[in-house]
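First comes the structure, then the notes that go with it.
What follows draws every value from the coordinates through simple rules; no lab data is involved. Being a predicted model, the structure only gives us computed values, none of them experimental. Every residue, glycine among them, receives a Cβ derived from its backbone with ideal geometry; neighbour counts consider all protein chains shown.
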Amino acid sequence: MAGFLGSLLFGSKYEKELKELGQKVAQDPKNLRLRVRIGDLLEKLGKRTEAIEAYHAVAEEYAKSGMLIQAIALNKLILRLDPTKSKIHHQLAELYAQWGKPAEEIPGTVHGEKAPPAAAAPGSLPPIPLFSDLKKEELSRVMEKIQAKRFAGGKAICREGDPGNSLYIISHGKVAISRQQPGKGRIVLNELKDGDFFGEFAFFANARRQATVEALEDTEVLEMTKEELQRVIQEFPPVSKVLFKFYKERVLDNLLAASALFQTFPPEERRKLLEEVALEEFPAGALVIEEGAPGDCLYIIKSGEVEVFTPDPKKEKLILATLQEGDYFGEISLITGRPRTASVKVLRAAELVRLDKKNFDRIVARHPETLKVLEDSLQTRLANKLRMLGVFRSSPAKEGMI
């Protein structure tokens, strides 16, 4: 009896809120978040069909406005309520593909005819990383593989040290990025909102999470796992190129900006560097560079692990260091023109980002301050080689060993 009365009370509360929201929407029909809330209330009242209709209408409006992330999140709600509506992702991809096209380019319209809302703003697709570069069929498949999740304010979405096997996009809400600092406790590094991505470094580098992400308010996110994305790539191999472009824009640029060698470069010059790189794969045991060989490129480790070594008269080799995701090597020989001073072998199957000397030289020539960084590295290299320690304060690339 108590449970029955409780449900009546909640029902009355939701009906009252629904009526109030209806009045607000009548005054502000373009407020899509209010219309989403109406769908939520309809669902809580058990009016599933009406809730689906409300969500679907808003999802179309989001897509027509170029707000694909929010539209995908609503589609996930619809599928949870009615799994038979499996074609909605394809319909959403169609709508998004039409965003910004002139009316005459859209099926069903003729020259001079008024274009539908999806075509209201001529121009390119909105700059949503990854999704804007996918073709319609690829986008539809990716949307199928994405999972939507909700987190209450104060809840952790992922924690520092966790495996990094998912990439997240915020469809609605706000999160804080924080990291544990020795002697300082937890430090907030950044706050992200609707449309922002997070978790990409650990996702691409096969590493553990470098920070904790906590919802600052009720937050909805879209989660894309490596396993599911790999299935999309197997079906649509060109998606791997789109993913590498996303990796360059989201991860490599941050790595270059944080390094002593590139940190003085303006963002536009770092982007020029990124446009010139290529991805190369090496199996375990492969020799990437050999001591004494010409230095015609540098490498940044996207994934995997490599070993830096040099011949040792007392034994087979002297291991100088082990490098992992995010480290880079080869820039000293590349710039000075001297032969490689150490060899690099792959310990764990690696994906390496290669930047050739001719492309690198064009950018570095405009930044003479880079030479000071290299001179410091060369001095460190000489001291370390003389002492034959094989132990470095950071990666050998940063210490000037190779």
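Points to keep in mind about this one:
- 21 Å Cα-Cα threshold exceeded, pairs from Lys44/Lys149; Lys248/Lys358; Lys47/Lys155: Lys47/Lys155
- Straight-distance candidates among the aspartates and glutamates for linking to Lys357, with alpha-carbon spacing under 15 Å and chain neighbours fewer than 8 residues away dropped: Glu275, Glu276, Asp296, Glu331.
- Within straight-line cross-link reach of Lys317, aspartates and glutamates at Cα separation under 20 Å, skipping those fewer than 8 residues along the same chain: Glu290, Glu291, Glu305, Glu307, Glu399
- Over 23 Å between alpha carbons, listed pairs Lys30/Lys64; Lys174/Lys241; Lys226/Lys272; Lys315/Lys345: Lys174/Lys241; Lys226/Lys272
- Net charge of neighbours whose Cβ lies under 13 Å from the Cβ of Gly185, counting Lys and Arg as +1 and Asp and Glu as -1: +2
- Along each principal axis, taking the top coordinate minus the bottom one, the Cα set of region 147-249 gives 45, 29, 21 Å in descending order.
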